[in-house]
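To start, the structure itself, in structure tokens.
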Amino acid sequence: MSDPAPRVSVVLACYNEAEHIEKSFAEIRDTLTQTGWPFEILLVDDMSRDATREILQHIVESHRHLDLRLILHDQNQGRGATVTDGFRAARGTVAGYLDVDLEVHCRYIPSLVRAIESGADIATVQRIYAFQIGSLDRYFMSRGYSFLVRHLLGVPFRDTETGYKFFRRETVLPLLDEIEDAGWFWDTEFMARAARRRLTVEEVPGAYIRRTDKTSTVRGLSDSARYFRQLLRFRKELKERTP
């Protein structure tokens, strides 16, 4: 007899997370345990080049009392493909993911789950930036990008790129089949296509505190230029497909 489906599925998309994955997992585990809900955690590694895989395997082996699953990519596929693989394997009524570095803390998970159970199809964290001199560049990049998304794509949301999204699994699974980008633009596609489907989205404010103890993969100017090109391409695609 198979185990009953969990109430909540949390996907952790991992790529070179050895610096913080063990501590982050412990905080996420404790937050979920305190809710009292049946939950599962899906650990999806996108062919990390550091010790992430070994750490994930140790986590699974040392937490056999928890509902954990480890998915290992045999080649790097990108963030979007990684979270999508986790969502397709998830069994919970509510499924979601959050960035493993916890620059937005896992304490917001219960608020997002409750928002969905109160009627929203999708619930996300709208990042509120704590004042940090070292994060001003990230703040202006994020706000500028959100402005472009709203005006170029006609999307009403304040923070499409937040790495913190939960949804009613059965409602949103068909939307995943429409998303074409397997990388970081996945989040923009997800929110834009959700808006076109008229899905109900609730944005929950959450504090963003940039971590200075980890290696950042963000490259300001080059990433901004790449995202802008993708926005223009995606807007053209949407217009061409609109009757």
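Brief remarks on what is shown
- Scan of the stretch 44-94 for residues that are buried (at least 17 other Cβ atoms within 10 Å of the Cβ) and among the aliphatic types (A, V, I, L, M), ordered by number: Val44, Ile55, Leu56, Ile59, Leu68, Ile71, Ala81, Val83, Ala90, Val94
- Apart from one condition, Ala123 fits all of (1) more than 13 Å from the chain's Cα centre (by Cα); (2) at pLDDT 90 or above; the exception is (1).
- Within the stretch 201-243, being at pLDDT 75 or above, in a loop (DSSP other than H, G, I, E, B) and among the β-branched types (Val, Ile, Thr) holds for one residue alone: Ile209.
- Residues of the stretch 149-200 that turn out to be among the hydroxyl-bearing types (Ser, Thr, Tyr), part of a loop (DSSP other than H, G, I, E, B) and over 25 Å from Ala225 (Cα atoms), as a count: 1
- Residue tally, condition surrounded by 18 or more Cβ atoms within 10 Å (Cβ to Cβ) and among the aliphatic types (A, V, I, L, M), over the stretch 158-175: 2
- The set of residues from the stretch 23-43 being assigned to a helix (DSSP H, G or I), surrounded by 16 or more Cβ atoms within 10 Å (Cβ to Cβ) and among the hydrophobic types (A, V, I, L, M, F, W, C) comprises Phe25, Ile28, Leu32.
- For the stretch 1-9, the condition of being part of a loop (DSSP other than H, G, I, E, B), among the hydroxyl-bearing types (Ser, Thr, Tyr) and closer than 20 Å to Lys165 by Cβ holds for none of the residues.
- Count of the stretch 183-213 residues, restricted to those that are closer than 21 Å to Asn76 by Cα and surrounded by fewer than 17 Cβ atoms within 10 Å (Cβ to Cβ), is 1.
- Only a single criterion out of (1) under 21 Å from Ala123 (Cβ atoms); (2) free of Cβ contacts under 8 Å to residues at least 60 places away in the same chain is not satisfied by Ile28, namely (2).
- In the stretch 93-104 there is no residue that is closer than 21 Å to Ala182 by Cα, in contact (Cβ under 8 Å) with a residue 60 or more places away in the chain, assigned to a helix (DSSP H, G or I) and charged (D, E, K, R).
- Options Arg107, Arg114, Arg53: the member that is closer than 27 Å to Thr188 by Cα, free of Cβ contacts under 8 Å to residues at least 24 places away in the same chain and part of a helix (DSSP H, G or I): Arg114
- Selection of the stretch 1-30 for residues being in contact with a helix residue (DSSP H, G or I) (Cβ under 9 Å, 6 or more places away or on another chain) and farther than 15 Å from Asp99 by Cα yields Arg7, Val8, Asp30.
- Residue, farthest from the chain's Cα centre (by Cα), within the stretch 18-67, restricted to residues that are among the charged types (D, E, K, R) and over 26 Å from Arg169 (Cα atoms): Glu61
- Of the numbered criteria (1) at pLDDT 95 or above; (2) within 14 Å of the chain's Cα centre (by Cα); (3) buried (at least 21 other Cβ atoms within 10 Å of the Cβ), the one Ile116 fails is (2).
- Residue list for the stretch 65-92, restricted to those being farther than 17 Å from Pro6 by Cβ and outside any loop (DSSP other than H, G, I, E, B): Leu72, Arg79, Gly80, Ala81, Thr82, Val83, Thr84, Asp85
The values are calculated or read from the model by the stated rules, or taken from the named source; none is laboratory data. Just so it is clear, the model here is predicted, and its values are computed rather than measured. Positions of Cβ are backbone-derived with ideal geometry, glycine not excepted, and every protein chain shown enters the neighbour counts.
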